[in-house]
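Structure, as structure tokens:
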Amino acid sequence: MSIQNRLNNIKKTCENCQNCALFERRNNVVFSNGKDSADIMIVGEAPGKNEDLTGEPFCGVAGQLFNDYLKKSGLNRDEFYITNILKCRPTDIERPNKDRVPKQEEINKCIHFLYEQIEIINPKLIVLAGGTALKTLTGKKSIQISKVRGQFFDLNINGKIYKATAIFHPSYLRQYATEVQKEQTLSDLGNIKRIYFSLQG
Ligand code: SF4
């Protein structure tokens, strides 16, 4: 079966998934966008309001900001495969319009979809965007993105080692990042660009 068909099968499973309570409030499952044959995979946290409405990851104001950062760094998001740890927007029933960070129990129920995506795409580099992706995929609860961004490290996913790096999440860049952190992100994307072009041979 082709990579595309395998990914489509997982996407269909996600679209029917009721493994956690988030399915009750979602408008769309947000599975991925970008290139199925990408060498570099970007993993964010979870869909927000705009992603839930459109079904596309990294859209809305933060997504546009991310596109701008990529452009400034000489990169094009169409060259990447983009997805999230959770496929449905995390909100609470009492506050259905307020985004929140994923709960561990939701991650536990959803993460196998991401593992399958990684196994099928077999990326040469995984870019972890934000603390939730970093903590979840490294398995280190106290790891801090501000300490490890800019570094390249090994990620062990179900016994297979992938090269990875971490960047600040676009929503963080939009709302909280200092000027220094914005510069650091441009520098980090510059390093990713060098890897990207070296992979193109
Ligand atoms: S977040 Fe994941 S586990 Fe929960 S309903 Fe959506 S696809 Fe299923």
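The values are calculated or read from the model by the stated rules, or taken from the named source; none is laboratory data. Note that the coordinates shown come from a computational prediction; the quantities given were computed from them, not determined experimentally. Note that each Cβ is placed from the backbone with ideal geometry, even for glycine, and that neighbours are counted across all protein chains shown.
Observations on the model:
- Checking each residue in segment 13-47 for being surrounded by 22 or more Cβ atoms within 10 Å (Cβ to Cβ) and among the charged types (D, E, K, R) picks out only Glu45.
- Taking the criterion of being β-branched (Val, Ile, Thr) and surrounded by fewer than 17 Cβ atoms within 10 Å (Cβ to Cβ), the only residue of segment 134-156 that qualifies is Ile143.
- Criterion violated by Ile118 - all others in (1) under 24 Å from Cys20 (Cβ atoms); (2) free of Cβ contacts under 8 Å to residues at least 12 places away in the same chain; (3) out of contact with any helix residue (DSSP H, G or I) (no Cβ under 8 Å at 6 or more places or on another chain); (4) of a type outside the set (S, T, N, Q) satisfied: (2)
- Gly131 meets each of the listed conditions (1) under 12 Å from the mean Cα position of the chain (by Cα); (2) more than 16 Å from the ligand (Cβ to nearest atom); (3) buried (at least 20 other Cβ atoms within 10 Å of the Cβ); (4) at pLDDT 95 or above apart from (3).
- Hits in segment 55-94 (condition: of a type outside the set (Gly, Ala, Ser), within 16 Å of the ligand (Cβ to nearest atom), assigned to a loop (DSSP other than H, G, I, E, B) and at pLDDT 95 or above): Glu56, Pro57, Ile85, Leu86, Lys87, Cys88, Arg89, Pro90, Thr91
- Verdict on Lys160 being surrounded by fewer than 12 Cβ atoms within 10 Å (Cβ to Cβ) and under 23 Å from Lys35 (Cβ atoms): yes
- Selection count, segment 95-108, where residues are near the ligand (Cβ under 10 Å from one of its atoms) and either in contact with a Leu (Cβ under 9 Å, 6 or more places away or on another chain) or of a type in the set (A, V, I, L, M) (or both): 3
- Residue in segment 145-168 that is of a type in the set (Lys, Arg) and assigned to a loop (DSSP other than H, G, I, E, B) present: yes
- Screening Pro123 against (1) part of a loop (DSSP other than H, G, I, E, B); (2) over 26 Å from Ile10 (Cα atoms) leaves a single unmet condition, (2).
- Subset tally (residues that are farther than 22 Å from Glu94 by Cβ, more than 12 Å from the ligand (Cβ to nearest atom) and either among the basic types (Lys, Arg) or assigned to a helix (DSSP H, G or I) (or both)) for segment 13-54: 2
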